[in-house]
């Protein structure tokens with residue numbers, strides 16, 4: 001009976017953690033001004049062309065600056081929430097580990113390792129897909145256009161070191177110690 005309750009608790013907490021991550025990711029992807037090439041509805045970057053949101057709302061330059069300030073602050077808060085969520089997840093994992101038997105810990109470690117491997121694989125696929133689209137886009141552009149495109153990417157998704165995708169998300173949950 002206790003073993004079943006612990007398993008249900010571990011599964012429930014894991015599902016809750018994954019759901020929270022998915023929801024946070026969905027929120028971040030929809031926020032204007034957040035670094036996402038998939039959602040170009042952010043206020044106009046300095047010196048850039050108007051975005052659909054700027055055009056649709058007919059924003060003045062002052063409004064654009066104020067919106068940018070609002071959403072950049074929001075982006076920072078969302079990133080802080082990701083950091084707190086990661087710490088909470090670690091605390092949860094440590095609390096669950098404290099009530100598990102060695103056999104249960106071993107089972108959970110196996111589940112967590114499998115999840116981490118699958119998550120990493122999915123992350124690599126997402127990054128590879130994005131990088132492929134970037135490279136295909138760059139091939140269509142003239143040298144001058146490529147420079148502008150690279151600047152836009154840098155503003156929108158940040159610097160892109162080789163082998164690292166721009167849309168990084170929090171790492172998979174930590175395993176029990």
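The values are calculated or read from the model by the stated rules, or taken from the named source; none is laboratory data. Note that the structure is a prediction, hence the values are computed from the model and not measured. Reconstructed Cβ throughout: ideal geometry from the backbone, glycine too, with neighbour counts over all protein chains shown.
Quick notes on this one:
- Within this structure, residue 19 fails the test of being at pLDDT below 80 and under 25 Å from residue 137 (Cβ atoms).
- Total residues in the stretch 52-70 satisfying the condition of being in contact (Cβ under 8 Å) with a residue 12 or more places away in the chain and surrounded by 17 or more Cβ atoms within 10 Å (Cβ to Cβ): the figure is 5.
- Flag for residue 46 being at pLDDT below 90 and surrounded by fewer than 13 Cβ atoms within 10 Å (Cβ to Cβ): yes
- Any hit, the stretch 97-119, residues being under 16 Å from the mean Cα position of the chain (by Cα) and loosely packed, with under 11 Cβ neighbours inside 10 Å: no
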